[in-house]
Structures are given as C-alpha cells and as structure tokens.
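The values are calculated or read from the model by the stated rules, or taken from the named source; none is laboratory data. As the structure is a prediction and not an experimental result, all values here were calculated from the model. A quick note on method: Cβ atoms are made from the backbone with ideal geometry, for glycine too, and the neighbour counts reach across all protein chains shown.
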Amino acid sequence: MHKAGVSLLIILLTQVWTLSAFAQDGNAVKHRTAVEGDTVWVVVNHVKPEKREQFERFVYDIFWPAAKKLDPKAQRAFDNTRILNPAVAEADGTFTYVFLMDPLISGEDYWIDSLLGKMFPEKEAEEYYRLFRDALARDGEHYAFVQSRYWGGPSKK
C-alpha cells in the first residue's frame, strides 16, 4: 500500500473536548483539546456523491471500530480525532468530510493504509484501503496548525 491519499486522520481530522470525562452517547470518554503550542491537523476528504454511503460505512463500521485492535497509545490518537460530516454538497457535487486531530499526538501513526495494516491481515487491509480510496473524488488535503493562545474568546493568559 502507498501513502498517496493524505486522508483521514486521520484521520483525524478532531476535538474540542475537555480534559475531564465527557459523556457522548452514554459512553464516558476522556478527551483533551489542544493548548497553546500544540499541533492540530485538519484532513479534508472529497467524496464522490454516489460513494458517500460507501465512505461512511468504511469510516464508521470498519475503520473506527477496528481501532480497538490497536495499542492504548494508538487508540488515544483516535480519541483525539473528530470527524465532521458535510451538511451539504459542494458546488461540484462532492461531499467534504473533515477529520480534526486535536491535538495531534506526536509519534503516532495517522495514515489510513498503515493503520489498516495493523488492524487486519494484509489482503483484507488492502481491500479496505481500496474501498476507502474508491470513494474519494480526488486526493485529500491535510493542513497542520499550531494552537494559538486565543481559544473561544479573549486570551486566557
């Protein structure tokens, strides 16, 4: 597999949650959002309109649940990743999904193809990666940011 699609996470595109336990859908999960100086990644995936269901099935039914197979540190990277679903189609008809890694955990693997290789046998991982790539209208984009001291209003300093 190759790292052609800088996508997901990776995945990961993702949080504005607090340090304390946060109840979501009845599950208490610990989250931390970026503080001044932390790196945040934003990954943008443009999905073909006719492949939207396939993309969501891959992300929500295959990829995300399989994160439980990873070690606790790698799972923490998933816990710090949020996915934003599109509200409407773009002018070209594609649907834009955003993954926020907030904060990015230094040294962790965020590449979908590599993570699939850790979650599944080689052939299965390759099939899932093809499923993911097939849903994309074009290569994804990723952006790296550094959290400023400004967050939600006036400086907290």
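Annotations
- Pairing each residue of region 53-82 that is at negative phi with any residue that is of a type in the set (Asp, Glu), provided the two are 6+ apart or on different chains, yields C-beta distances under 7 Å for Lys73/Glu108; Ala74/Glu108; Ala74/Asp109; Ala77/Glu108; Asn80/Asp102; Arg82/Asp102.
- Residue in region 101-109 that is of a type outside the set (Val, Ile, Thr), farther than 20 Å from Phe145 by Cβ and exposed (fewer than 15 other Cβ atoms within 10 Å of the Cβ) present: no
- Of all residue pairs spaced 6 or more apart or on separate chains, those with beta-carbon atoms under 7 Å, a first member in region 84-96 that is closer than 14 Å to Glu50 by Cα and a second member that is assigned to a loop (DSSP other than H, G, I, E, B) are Thr94/Lys48; Thr94/Ala137; Phe95/Pro86; Phe95/Ala89; Thr96/Pro86; Thr96/Glu90.
- Subset of region 19-73 [modelled with pLDDT of 95 or more, surrounded by fewer than 15 Cβ atoms within 10 Å (Cβ to Cβ) and of a type in the set (Gly, Ala, Ser)]: none
- Selection count, region 97-116, where residues are out of contact with any strand residue (DSSP E or B) (no Cβ under 7 Å at 6 or more places or on another chain) and of a type outside the set (A, V, I, L, M): 7
- Unique residue being surrounded by fewer than 22 Cβ atoms within 10 Å (Cβ to Cβ) and in contact with a strand residue (DSSP E or B) (Cβ under 6 Å, 6 or more places away or on another chain) when the list is Thr81, Thr94: Thr94
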